[in-house]
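S.K.: I am attaching a structure below and will ask some questions about it afterwards.
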Amino acid sequence: MPKGRLIISNMISNRLYLDYAATTPVDPDVVAAMLPYFTSAWGNSSSIHAAGRTAKAALEQSRNTIAESIGAEPSEITFTGGGTEANNHAVKGLAFAARRKTGRAHVLVSSIEHPAVLASAESLKEHGFSVGFIPVDSVGRIRLDELEHMLTPETCIVAVMHANNEIGSIQPISEAARITHLNNSLFHMDAVQTLGKMPLCLHDLEIDTAAFSAHKIYGPKGVGALYIKKGVEVDPLFHGGAQERNRRGGTENVPLIVGFAAAVRKAVELRQRVQDRLSGLREYLCTELAKRWNFVFFNGDAANVLPNIVSISFDSNTISLDGETLLMNLDLRGVSASSGSACSSGSVKPSHVLQAIGRDDATARSIIRLFFGRERTQAEIDSLLAVLDAIFADHHRE
Ligand SMILES: Cc1ncc(COP(=O)(O)O)c(C=O)c1O
């Protein structure tokens, strides 16, 4: 058995799971809320008979819950098949509708967006749009001065994520949206990593669209939502029936949507308590890492960061490991962590986020992301530190 293997109880599958930005388990209360919509109330929400009406009532109740939790109107919520779809829908749907109306065909996205936004923007090039990438500073916050310079009379949309999924930096959204609107352009925010973790009031933020996902907050996978501010035009991605106010054809997945709403309800109810506790764990882990190992350094903005995440890199002159090898070593010892977005995890490409904050390629390959969930305890952080101790000792260059 490798040195320092973890033996921890009360853990998912007897492992120390520290990859809650990739996904979370589904909360038992969420499973309980969903179950009747699989087994007894399984009607199609578009049917006019009693079974349909029951499903429709659950659908609309869920929409109300989610809208209320983010400071929006229920009519501004469109259910989707997850965060990737919501981002695709926003970026492409806003761009196509805006070009039709204004003739503008220039899109700006931050350079640290999730691939769901980056690839959506890239795909617009094939349709005659031009795309620019807004730089970030060394802690991963977008450069508002650069945004101002990059906006042109041709810019139809700007997309900036609320908080980054690899390093946790929270973006100056209100300011970015204000600058964008002064140019009469539209503003999209990917809020997949902040829903349920930060208080959100979309009307106050004055953004036009926002993307959400259920499975980052103990809800089911494959369901999310797109907020579309009243009066903003977004072309549909899926054509079909008149569901979701003609915005997304296809029968609504009522059980998953009910689960999404239950997950949001619980996340909001627990938020303050959970986030206070996780902030404490984060501080403890950062202090211990800094105290023990001078070759470890932190990525992100300590003053504006999600309380759940610690993103570290290490000096490859001192430690003979890259991030992927460290992740494999952690995995062998029972710790599940990752280097960034689940999609790029498993590849050896340097992180585009670390490149954007100015790290060289070797350092950009050495990122690991430790992301806590509700279940995590200080004793488990101590176990993690013991495991890292063993791995670093094995790979220290003399
Ligand atoms: C910031 C961000 N946006 C979008 C997504 C995609 O969401 P989904 O997995 O629901 O498609 C993720 C998932 O990792 C994410 O972290």
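S.K.: Reachable lysines from Lys291, Cα under 25 Å, same-chain residues fewer than 8 places away excluded?
M.R.: The reachable lysines, counting only those whose Cα sits under 25 Å from Lys291, are Lys3.
S.K.: Also, I was wondering about something else. Please work out the FRET efficiency for the pair Ala242 and Asp204, using the Cβ-Cβ distance as r and a Förster radius of 45 Å; give the result to the nearest 0.05. If you can, show how the numbers build up before the last one.
M.R.: Numbers: r = 31 Å, r/R0 = 0.70.
Approximately 0.90, to the nearest 0.05.
S.K.: Still on this structure, I have one more. What translational D, rounded to a whole number of µm²/s, comes out for segment 54-102 from Stokes-Einstein when the hydrodynamic radius is the Kirkwood one over Cα pairs, at 10 °C and 1.306 mPa s?
M.R.: Details: Rh = 12.4 Å.
This corresponds to a translational diffusion coefficient of 128 µm²/s.
S.K.: Once the dipole of segment 28-266 is set up with Lys and Arg at +1 and Asp and Glu at -1 on Cβ about the Cα centre, which of Gly241, His114, Val131 lies farthest towards its positive end?
M.R.: Gly241
S.K.: With r as the distance between the Cβ atoms of Ala32 and Thr251 and R0 = 25 Å, compute the FRET efficiency 1/(1 + (r/R0)^6) and round to 0.05. Can you show the working numbers first?
M.R.: Values: r = 23 Å, r/R0 = 0.93.
The computed FRET efficiency comes out at 0.60.
S.K.: Hey, which aspartates and glutamates would be in cross-link range of Lys101, C-alpha to C-alpha under 15 Å, not counting anything within fewer than 8 residues on its own chain?
M.R.: Reachable aspartates and glutamates: Glu154, Glu233, Asp235.
S.K.: Something else now. Run the simple label-point estimate for Arg271 and Asp382 please: 7 Å along Cα→C-beta, distance reported in nm.
M.R.: According to this spin-label approximation, the distance is 3.3 nm.
S.K.: Here's something else I'd like to know. Which one of Gly334, Val305, Val258 has its Cα pushed farthest toward the positive end of the charge dipole of segment 224-342, where Lys and Arg give +1 and Asp and Glu give -1 at the Cβ?
M.R.: Val258
S.K.: Longer than 19 Å from Cα to Cα, which of Lys92/Lys229; Lys56/Lys221; Lys125/Lys221 are they? Say none if no pair is.
M.R.: Numbers: Lys92/Lys229 16 Å; Lys56/Lys221 21 Å; Lys125/Lys221 30 Å.
Too far apart for the 19 Å limit: Lys56/Lys221; Lys125/Lys221.
S.K.: Add -39500 (n - 2.57) for each DSSP H run of 4 or more in the chain, then divide by its residues: what number comes out at 222 nm, to the nearest 500 deg cm²/dmol? Mind showing how you got there, number by number?
M.R.: Details: 14 runs with 163 residues, N = 398.
Theoretical 222 nm ellipticity from helices: -12500 deg cm²/dmol.
S.K.: Restricting things to alpha carbons, find the Rg to Rh ratio for segment 28-266 using the Kirkwood radius for Rh.
M.R.: Working: Rg = 17.8 Å, Rh = 18.1 Å.
Over the Cα atoms of segment 28-266, Rg/Rh equals 0.99.
S.K.: Any idea what the dipole of the chain comes to, in debye rounded to 20, about its Cα centre with Lys/Arg Cβ at +1 and Asp/Glu Cβ at -1?
M.R.: Details: 39 positive and 43 negative charges, 170 e Å.
It comes to approximately 820 debye.
S.K.: Calculate the dipole size of segment 34-108 relative to its Cα centre from +1 charges on Lys and Arg beta carbons and -1 charges on Asp and Glu beta carbons; express the result in debye to the nearest 20.
M.R.: On the way: 8 positive and 5 negative charges, 93 e Å.
That gives segment 34-108 a dipole magnitude of about 440 debye.
S.K.: With a 1.4 Å probe and all protein chains left in place, how much accessible area per residue does the chain have, in Å²? Can you show the working numbers first?
M.R.: Numbers: 16220 Å² over 398 residues.
Result: 41 Å² per residue.
S.K.: Let me ask something else. Using the basic label-point model (7 angstrom from Cα toward the beta carbon), what is the Ser46 to His396 distance in nanometres?
M.R.: Distance between the two pseudo-spin positions: 6.5 nm.
S.K.: If you take every residue apart from Gly358 with its C-beta less than 15 Å away from the C-beta of Gly358, what net charge results, scoring Lys and Arg +1 and Asp and Glu -1? Walk me through the intermediate numbers first.
M.R.: Working: positive: Arg141, Arg143, Arg359, Arg365; negative: Asp137, Glu146, Glu166, Asp301, Asp360, Asp361.
That sum, taken over residues with Cβ under 15 Å, equals -2.
S.K.: Here's something else I'd like to know. Pop the C-beta distance of Thr23 and Glu154 into the FRET formula with R0 = 45 Å and round what comes out to the nearest 0.05.
M.R.: Values: r = 38 Å, r/R0 = 0.85.
Working from the Cβ atoms, E equals 0.75.
S.K.: How much of the accessible area of the chain, probe 1.4 Å, is carbon plus sulfur, in whole percent? Let's see the in-between values first.
M.R.: Working: 8500 of 16220 Å².
C and S atoms contribute 52 percent here.
The values are calculated or read from the model by the stated rules, or taken from the named source; none is laboratory data. Just so it is clear, the model here is predicted, and its values are computed rather than measured. Neighbour counts are summed over all protein chains in view; Cβ atoms, including those assigned to glycine, are modelled from backbone coordinates with ideal geometry. These area figures cover heavy atoms from the full protein model, side chains too; ligands, DNA and RNA do not enter into them. Shrake-Rupley method; radii C 1.70, N 1.55, O 1.52, S 1.80 Å.
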